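K.L.:
A single structure is presented below for examination.
The values are calculated or read from the model by the stated rules, or taken from the named source; none is laboratory data. Worth saying up front: this structure is predicted, and the values here are computed from it rather than measured. Backbone-built Cβ (ideal geometry, glycine too); neighbour counts: all protein chains shown.
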Amino acid sequence: MIESLHFLRPLWMLAAPAVLLTWWLVRRREASQADVGSFVAPHLREALTVNRNARKGIRAVDGVALSMLFVVVAAAGPTWSKQASPWFAETAPLVIAMEVSDSMRSNDLQPTRLDRARFKVLDLIAARTGSRTALIAYAGSAHIVVPPSTDIEVLRPFIQGLDPAIMPAPGAQAGGVLPLAMTLLGDEAAIGTLLFVNDGFDASDISQLADHTSQPGTPSLAALVVGTDEGGVAFMPDGTPVMAQAGGRLDTAIDASLLKRVASEAKVSVVRATSGDADIRQLMGVIQSNLQMAGDPDAEWLDQAWWLLWPAALLTLLWFRRGWTMQW
């Protein structure tokens with residue numbers, strides 16, 4: 001913030017030396033008037049001086065000068081942040097990468113994690129009316145499903161049709177999504193967001209995600225993690241449980257400590273899915289924050305002068321104090 005601090009109307013700062021000069025002259029005149037009392041006997045001067053305690057401390061001119069300085073700086077228009085135009089905010093591109101693996105069949109969230117993920121994605125797209133959204137499906141490999149579109153009705157059937165059975169390779173390789181997302185976003189990659197909708201990451205994904213976020217001109221990363229830490233049972237369409245390659249039922253527990261590593265090391269904004277819409281609102285904030293951090297070339301600097309008007313107004317209340325007067 002300090003690096004971005006500047007003034008929208010800097011010429012007003014030329015009034016600050018005039019305020020300080022006036023304060024010094026008035027202070028000097030009051031001091032000279034006080035020195036006249038040196039010709040009077042000390043015991044009489046002490047008795048005849050009105051408001052003698054106030055003269056030793058803060059004087060009325062000090063409050064006037066400080067209030068005027070606040071007003072001068074406010075008039076200069078201090079600013080340190082920008083506000084993106086509404087048009088720019090509505091064009092924030094988003095690529096949604098949905099994990100379509102067997103673990104997403106887990107029933108710890110009803111009816112399944114994948115069904116809950118579909119509902120959440122549709123809610124998010126509906127909340128971003130007019131914004132461009134692309135869809136990628138990934139498991140052991142990643143594939144573009146829908147290029148950037150602003151029509152939710154175009155995306156809806158593809159989202160509802162995603163199923164692990166149509167994926168060519170098992171697994172959940174999040175790193176394979178990155179080059180496809182860059183292709184979809186093109187020149188707007190820097191202002192876009194890549195959102196993973198999954199039930200977690202593998203430890204092997206962290207290095208790829210971290211390398212991505214460390215490079216300039218790449219989209220910011222976020223993740224909506226669907227599922228509970230304890231996990232559930234993943235069932236095939238015929239009702240049989242999904243089996244792991246090593247034998248036994250597939251473990252669908254979510255490693256919360258691994259999610260913390262993804263957030264800290266790979267700079268991924270991790271949001272856990274909730275039963276309400278708090279997760280959607282949080283994701284909207286993340287997407288908007290990523291956009292603002294990227295910067296709108298047409299954004300206007302926010303005039304923060306109103307912060308200084310409050311102390312200036314409070315100082316004027318001193319004029320209601322008994323005996324608080326000043327002669328110019």
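K.L.:
Based on this model, can you work out whether R261 counts as in contact (Cβ under 8 Å) with a residue 12 or more places away in the chain, of a type in the set (K, R) and under 21 Å from M98 (Cβ atoms)?
P.N.:
no
K.L.:
Moving to a separate point now. Output the residue which, of all residues in the range 266-298 that are surrounded by fewer than 14 Cβ atoms within 10 Å (Cβ to Cβ) and within 10 Å of the chain's Cα centre (by Cα), is modelled with the highest pLDDT.
P.N.:
Looking at the filtered set, the residue picked out is G285.
K.L.:
Taking the range 227-255 only, how many residues are modelled with pLDDT under 90 and touching a Gly at 6+ places or on another chain (Cβ under 9 Å)?
P.N.:
Counting residues in the range 227-255 that are modelled with pLDDT under 90 and touching a Gly at 6+ places or on another chain (Cβ under 9 Å) gives 0.
K.L.:
How many of the residues making up the range 125-172 are assigned to a helix (DSSP H, G or I) and within 24 Å of F201 (Cα to Cα)?
P.N.:
Going through the range 125-172 one residue at a time, the tally reaches 8.
K.L.:
Inspect all residues belonging to the range 247-260 and state whether any of them is loosely packed, with under 15 Cβ neighbours inside 10 Å, out of contact with any Lys or Arg (no Cβ under 7 Å at 6 or more places or on another chain) and within 18 Å of S220 (Cα to Cα).
P.N.:
Among the residues of the range 247-260, at least one is loosely packed, with under 15 Cβ neighbours inside 10 Å, out of contact with any Lys or Arg (no Cβ under 7 Å at 6 or more places or on another chain) and within 18 Å of S220 (Cα to Cα), which makes the answer yes.
K.L.:
Let me ask something additional. Would you say R128 is over 24 Å from the mean Cα position of the chain (by Cα) and of a type in the set (K, R)?
P.N.:
Criteria not met by R128.
K.L.:
Would you be able to say whether some residue in the range 104-121 is under 20 Å from G227 (Cβ atoms), over 30 Å from the mean Cα position of the chain (by Cα), buried (at least 22 other Cβ atoms within 10 Å of the Cβ) and in the same structural domain as S207 (by TED's automatic domain parsing)?
P.N.:
Yes, the range 104-121 has at least one match.
K.L.:
Right, something else. Which of the residues that make up the range 185-205 are among the aliphatic types (A, V, I, L, M) and modelled with pLDDT of 95 or more?
P.N.:
L194, L195, V197
K.L.:
Tell me, which strands (runs of 3 or more DSSP E) wholly within the range 173-289 include 1 or more residues that are of a type in the set (G, A, S) and within 27 Å of A127 (Cβ to Cβ)?
P.N.:
220-225, 269-272
K.L.:
Sort through D187, D229, D202, D151 and tell me the only one that's surrounded by fewer than 18 Cβ atoms within 10 Å (Cβ to Cβ), closer than 27 Å to T252 by Cα, out of contact with any helix residue (DSSP H, G or I) (no Cβ under 6 Å at 6 or more places or on another chain) and in the same structural domain as R272 (by TED's automatic domain parsing).
P.N.:
After ruling out the rest, the residue left standing is D202.
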